[in-house]
Amino acid sequence: DSGVTQTPKHLITATGQRVTLRCSPRSGDLSVYWYQQSLDQGLQFLIQYYNGEERAKGNILERFSAQQFPDLHSELNLSSLELGDSALYFCASSVVGTRKETQYFGPGTRLLVL
Amino acid sequence: DQQVKQNSPSLSVQEGRISILNCDYTNSMFDYFLWYKKYPAEGPTFLISISSIKDKNEDGRFTVFLNKSAKHLSLHIVPSQPGDSAVYFCAAPRGSQGNLIFGKGTKLSVKP
């Protein structure tokens, strides 16, 4: 158990809908990362937050947004969903979000868009 | 442009033998590498890391070797155990914030 929790575990929805994925980092960790794992692209970085502020952005679509709240939990919002958004979404956390820190991953949310 | 490549999608090894998982990178600015292990229905778990100032790092049965001139690293597992069967990802942090670039993974099967 990494100490990172993600809810829900599974999500099935329809095209055009909007969903929210939730992540609670390890106790004491200030930085949260979101990654997407799809079959053809592998694990890809989406976005990073540190203590409530966006710190880095990767291949995140305009339809996706995220935030980190004062209690340090983070939410990833996916809207106008398309079939291709079906993937595993992982959240990871680290203490201060610097490059040589270990990132601890949650169990992921499996999203299926029908 | 895939900056971290794992060219073998799968590897099968007999229990007790050595498993060697390979990873190549293209960006010579990378100076730190990590290996993660992933079981089905779980998130990636950190295994071992290596800084570019070293060419080897060992942790129990796991050793990572780094060849900077060849831009190549490898993970050795000795002896391999059935519980090591998982997907192994090589990764490198990009920029100062540490967001990771992952290879596509190698699925290791250790046969009893």
Exercise for the section: Being among the polar types (S, T, N, Q) and over 13 Å from the mean Cα position of the chain (by Cα) is the filter; apply it to region B:11-51 and report the residue that is nearest to B:THR63 (Cα to Cα). Expected result: B:SER51
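Listed residues A:LEU78, A:LEU88; which is away from chain B (no Cβ under 14 Å) and of a type in the set (A, V, I, L, M)?
Values: A:LEU88 fails: away from chain B (no Cβ under 14 Å).
Exactly one residue qualifies, and that residue is A:LEU78.
Taking the condition within 14 Å of chain A (Cβ to nearest Cβ) and more than 25 Å from A:TYR49 (Cα to Cα), does B:SER96 pass?
In short, no.
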Exercise for the section: Inspect all residues belonging to region A:93-102 and state whether any of them is at pLDDT 95 or above and hydrophobic (A, V, I, L, M, F, W, C). Expected result: no
Fill in the blank from the handout: In region B:72-91, anything assigned to a strand (DSSP E or B) and either touching a Leu at 6+ places or on another chain (Cβ under 7 Å) or free of Cβ contacts under 8 Å to residues at least 24 places away in the same chain (or both) is listed as B:LEU73, B:SER74, B:LEU75, B:ALA86, B:TYR88, B:PHE89, B:CYS90, B:ALA91
Fill in the blank from the handout: Restricting attention to region B:28-71, the residues that are within 12 Å of another protein chain (Cβ to nearest Cβ), part of a loop (DSSP other than H, G, I, E, B) and among the aliphatic types (A, V, I, L, M) number exactly 3
Exercise for the section: Give B:SER74, B:SER80 a once-over and let me know the one that is more than 7 Å from every other protein chain (Cβ to nearest Cβ) and surrounded by fewer than 19 Cβ atoms within 10 Å (Cβ to Cβ). Expected result: B:SER74
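Hey, among A:SER31, A:SER38, A:SER27, which residue is among the hydroxyl-bearing types (Ser, Thr, Tyr), within 18 Å of A:TYR104 (Cα to Cα) and more than 9 Å from chain B (Cβ to nearest Cβ)?
Values: A:SER31 fails: more than 9 Å from chain B (Cβ to nearest Cβ); A:SER38 fails: within 18 Å of A:TYR104 (Cα to Cα).
Of A:SER31, A:SER38, A:SER27, the one residue that is among the hydroxyl-bearing types (Ser, Thr, Tyr), within 18 Å of A:TYR104 (Cα to Cα) and more than 9 Å from chain B (Cβ to nearest Cβ) is A:SER27.
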Fill in the blank from the handout: Checked region A:61-91 for anything within 12 Å of A:TYR35 (Cβ to Cβ) and touching a Pro at 6+ places or on another chain (Cβ under 8 Å); matches are A:PHE90, A:CYS91
Exercise for the section: All but one of (1) touching a strand residue (DSSP E or B) at 6+ places or on another chain (Cβ under 7 Å); (2) in a loop (DSSP other than H, G, I, E, B); (3) over 30 Å from A:THR7 (Cα atoms); (4) not small (Gly, Ala, Ser) hold for B:GLN97, so report the exception by its number. Expected result: (3)
Exercise for the section: Would you check if there is a residue in region A:3-17 being touching a Cys at 6+ places or on another chain (Cβ under 8 Å), among the hydrophobic types (A, V, I, L, M, F, W, C) and surrounded by 18 or more Cβ atoms within 10 Å (Cβ to Cβ)? Expected result: yes
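The values are calculated or read from the model by the stated rules, or taken from the named source; none is laboratory data. Predicted, not measured: the structure shown is a model, and the values here were computed from it. Glycine gets a Cβ as well: all are built from the backbone with ideal geometry, and neighbour counts include every protein chain shown.
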